[in-house]
Amino acid sequence: MKVPLLDLKLQYNELQSELEEAILKVAQSQMLILGDEVAKLEKSVAEYLGCKYAVGVSSGTDALLMALMALDLQPGDEVILPDYSFFATAGAVVRAGGKPVFVDCDPVTFNIIPEKIEEAITANTRAIIPVHLYGQAADMQAIMAIAEENFIPVIEDAAQSIGATYNNGQAVGTFGMCGCFSFYPTKNLGAFGDGGMITTNDETMYKKFIQMRNHGMEPKYHHKFIGGNFRLDAIQAAVLNVKLPHLESWNKQRQINADIYTNSFIGKGLAHGTGITKFDNVNKVLLPKAVYKYDSNKNYHTYNQYIIRVEKRDELRSYLLQNGIGSEIYYPVPFHEQECFSYLNANEVNFPNSIFAAKHSLALPIFPELKVEQILYVVDTIANFMNK
């Protein structure tokens, strides 16, 4: 049996006629940059998330860069962020002129530890970037309390987590100064290329982001500050306008798939349950923390990835590949170990959880179109590996 890590063709086949009609409409109009499709998407995303403003941009990375550029970082300004995430989180800080300050992640959720944020704050701290990794909300109540006490703006990296909620249903990306979303094709809501969104409840920041995505221009050919070419293409917005109404059902199916995985692993004696942080048996897997609920008033984990932790991770991945099963390692190198950040001289003793996650984490197929028999085949294959 073949089980790919992701098969976007299945989603495309489901929506093919609507998608092609939407793309053709844009092609016929020749309104290719911004325009009505982008405005429609911005309005729909703002309503979906429950925030005042949403600005369509060129990528999730550029959303992060814009948020940091809006703070006008100066040499020596520090930005606190997790040590374990996709590179864009840290790369954007340096590109905007700041100094990244890495802190360790939680051993189960992989999200930033609020207490570590508090320890890392200095007189030079200008921003905090919590990442809602893999579709699970960071502890925003604690993070916002720390930020507000210290008058530090919060930029939420929600690239992997559109639709995730925290604290009785509030959407990620609506807690801090702004939220940054990615529409990369592999995301729960994916475009046909790059695309992103930045959200805010602050009218001043909204107006600045509108200018910033178009080189800081307002009015035409007048520039009060330097922005960039961060505009969202109309074709990408048209694709997303077709897909957005399906997002909730897709997220719910990801949760159902995660539930099947979790119950199957536990039922086969391959795991003790969710939330365990250390191996007591090399033939066991550590499961994601089950924080999701089907009741939308609770925390809502959208499972962009279903991450297990395994002692013999690399060997298991090779075994899965031999048996036709896709998987991926997110992420094999924490930020403090990246060569480009060696100048920071970060001490590895401060990042035990990041190091553990990088060595042992493995993403399994979780996309909505997975069949139950495919999920069970993955679990059976892992059981065979463990029992060899």
Handout entry: Residue list for the range 325-364, filter: hydroxyl-bearing (Ser, Thr, Tyr), part of a helix (DSSP H, G or I) and open to solvent by 10 Å² or more (accessible area, probe 1.4 Å)
Key = SER342, TYR343
Completion exercise
Of (1) buried (at least 19 other Cβ atoms within 10 Å of the Cβ); (2) under 13 Å from the mean Cα position of the chain (by Cα); (3) not small (Gly, Ala, Ser), THR186 fails just (1)
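Against the condition open to solvent by 10 Å² or more (accessible area, probe 1.4 Å), at pLDDT 95 or above and out of contact with any Phe, Trp or Tyr (no Cβ under 7 Å at 6 or more places or on another chain), how does TYR206 come out, does it pass?
No.
Look at GLY275 and say whether it is touching a Lys or Arg at 6+ places or on another chain (Cβ under 6 Å) and either at pLDDT 90 or above or buried (at least 17 other Cβ atoms within 10 Å of the Cβ) (or both).
Values: touching a Lys or Arg at 6+ places or on another chain (Cβ under 6 Å): yes; either at pLDDT 90 or above or buried (at least 17 other Cβ atoms within 10 Å of the Cβ) (or both): no.
Criteria not met by GLY275.
Would it be correct to say that ASP83 is open to solvent by 10 Å² or more (accessible area, probe 1.4 Å), touching a residue at least 12 places away in the same chain (Cβ under 8 Å) and closer than 16 Å to ALA357 by Cβ?
No, not satisfied.
Condition first: among the β-branched types (Val, Ile, Thr) and either in a loop (DSSP other than H, G, I, E, B) or under 15 Å from the mean Cα position of the chain (by Cα) (or both). Now tell me which residues in the range 189-203 satisfy that. Lay out the reasoning, then the answer.
Initial filter on the range 189-203 (among the β-branched types (Val, Ile, Thr)): 198-200.
Hits for the range 189-203 are ILE198, THR199.
Condition check: assigned to a helix (DSSP H, G or I), free of Cβ contacts under 8 Å to residues at least 40 places away in the same chain and either of a type in the set (A, V, I, L, M) or open to solvent by 50 Å² or more (accessible area, probe 1.4 Å) (or both). Does LYS25 satisfy that? Explain how you work it out, then say what you get.
Working: assigned to a helix (DSSP H, G or I): yes; free of Cβ contacts under 8 Å to residues at least 40 places away in the same chain: no; either of a type in the set (A, V, I, L, M) or open to solvent by 50 Å² or more (accessible area, probe 1.4 Å) (or both): yes.
So LYS25 fails the test.
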Practice task
Tally the residues that are open to solvent by less than 20 Å² (accessible area, probe 1.4 Å), outside any strand (DSSP E or B) and farther than 21 Å from ALA90 by Cα, restricting the search to the range 147-171.
Solution key: 2
Exercise for the section: Look through ALA88, ALA63, ALA123 and report the one residue that is open to solvent by less than 10 Å² (accessible area, probe 1.4 Å) and either out of contact with any helix residue (DSSP H, G or I) (no Cβ under 8 Å at 6 or more places or on another chain) or not basic (Lys, Arg) (or both). Expected result: ALA63
Exercise for the section: Could you please find all residues in the range 212-236 being surrounded by 16 or more Cβ atoms within 10 Å (Cβ to Cβ) and under 13 Å from ALA70 (Cα atoms)? Expected result: MET212, ARG213, HIS215, GLY216, GLY227, GLY228
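Could you list all residues from the range 28-54 that are assigned to a helix (DSSP H, G or I) and of a type in the set (A, V, I, L, M)? Walk me through how you get there before you give the answer.
From the range 28-54, those assigned to a helix (DSSP H, G or I) are 28-29, 36-49; that's our starting set.
Of everything in the range 28-54, those that are assigned to a helix (DSSP H, G or I) and of a type in the set (A, V, I, L, M) turn out to be VAL38, ALA39, LEU41, VAL45, ALA46, LEU49.
The values are calculated or read from the model by the stated rules, or taken from the named source; none is laboratory data. Worth saying up front: this structure is predicted, and the values here are computed from it rather than measured. FYI the Cβ positions are ideal-geometry reconstructions off the backbone, even for glycines, and counts take in every protein chain you see. For accessibility, only protein heavy atoms count, side chains too; no ligands or nucleic acids. Shrake-Rupley method; radii C 1.70, N 1.55, O 1.52, S 1.80 Å.
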